[in-house]
Amino acid sequence: MSTFIKGIKVKFNIENMKGKVAYITGGSKGIGLGVAAALLKEGVKVAISGRGTKSLENAKQVLDASEDLICIQSDVTNFDNEKNAVAQILEKWGTLDIVFANAGVGHFAPVDELSLSDWNIMVNTNLTGAFHTLKASMEGLKVSQGYYITLASLAGTNFFASGAGYNATKFGVVGFTQAVMLDLRKHGIKVSTIMPGSVATHFNGNEPNEKDAWKIQPEDIGELVVDLLRMNPRTLPSKIEVRPTRPDLK
C-alpha cells in the first residue's frame, strides 16, 4: 500500500513495520523500556540510550534481544552525544525510521524554592534534549520518511503548584513538537507527542509497586506507540492525551 501527500510518497505503515529501526532516548527503564519491548515484539530493531551503563546493561538483560537491540550511552543534554548515538545506529543498520524522544527528569518545588540547578537540568533534558535528538536524527528521518515522537505529559497543558519548572518544559515540549510537525510533514515525516498522566515508573524517585496498579503502565505506552505506527499514513494523531481510567481511590 502506498500513500501520497502532496506528491510525497509516505512509506510508513503497518505492512512494513518489521525490520524498521527505532531510537529511544531514556530507554533503559520506565516508559522507554516499555516502548522498546513493544517495538521489539513487532520486529523492529531498537537502539536505546541512557546516561548510565549499569541501567543500560540491566535493560539489555530484561529485553533479551541481542540481535535486534543495541544499547548506547548518551546524555541528551549533549548534542555531540546524540550525534554519535545516531551515527552508531546508522553504521549498524543503515537507516533510522522511528525516533522516540523520551528522556526526562522532574524536580518539584515552589518557584521561590526551585534551584537554578534543578531548573537548568529540566530545561536541558526535557526540552533541549528533545531538540538535540531530533537535530541529530533529522537527515536520517528525511531519508526514511520516518516518525518522530516526543514524550510530553498532561503537565504540558495542566499547570499545578510546585510545577513551574516541570510545567514550563512540558508545555515547551508540546509546543515544540506541534511546530515540528508542521515543519516536517512536507518531508513525509510524521510527528506526534504523547501526553501521559500518572505512569508507574521510577520517575522522581518512585519505586513501582502494587500501589501503582491503578496507574498507566509502561507497556500501555508501548502499545500506544505501536498503534500510532500502525495508523494509516494519511492520518496523523498529532497530540495524544492519555490518563488512568480511574484515579487512585485511597
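The values are calculated or read from the model by the stated rules, or taken from the named source; none is laboratory data. Note that the structure is a prediction, hence the values are computed from the model and not measured. When we count neighbours, we look across all protein chains shown, and the Cβ atoms used for this are built from the backbone with ideal geometry, even at glycine.
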- May I ask you to list the residues in the stretch 122-133 that are crowded, with 21+ Cβ neighbours inside 10 Å and either free of Cβ contacts under 8 Å to residues at least 24 places away in the same chain or under 21 Å from A36 (Cα atoms) (or both)? T125, N126, G129, A130, H132, T133
- Task: Hey, could you check the stretch 174-183 for residues that are out of contact with any helix residue (DSSP H, G or I) (no Cβ under 6 Å at 6 or more places or on another chain) and buried (at least 18 other Cβ atoms within 10 Å of the Cβ) and say which is farthest from Y148 (Cα to Cα)?
- Result: F176
- Task: Go through the stretch 158-201 and give me each residue that's assigned to a strand (DSSP E or B) and charged (D, E, K, R).
- Result: K190
- State which residue pairs qualify: first residue in contact (Cβ under 8 Å) with a residue 24 or more places away in the chain and inside the stretch 167-178, second residue part of a helix (DSSP H, G or I) and among the aromatic types (F, W, Y) in any location, beta carbons under 8 Å apart, and separation of 6 or more residues or different chains. F176/F131
- Query: S74 is checked against (1) among the hydroxyl-bearing types (S, T, Y); (2) within 25 Å of G197 (Cα to Cα); (3) modelled with pLDDT of 95 or more and fails just one. What number does that condition carry?
  - Reply: (2)
- Message: Scan the stretch 37-46 and tell me whether some residue there is at pLDDT 95 or above, touching a Ser or Thr at 6+ places or on another chain (Cβ under 9 Å), under 18 Å from T150 (Cα atoms) and crowded, with 24+ Cβ neighbours inside 10 Å.
- Response: no
- Filter the stretch 184-218 down to the residues that are touching a residue at least 12 places away in the same chain (Cβ under 8 Å) and polar (S, T, N, Q), then identify the one that is surrounded by the fewest Cβ atoms within 10 Å (Cβ to Cβ). N204
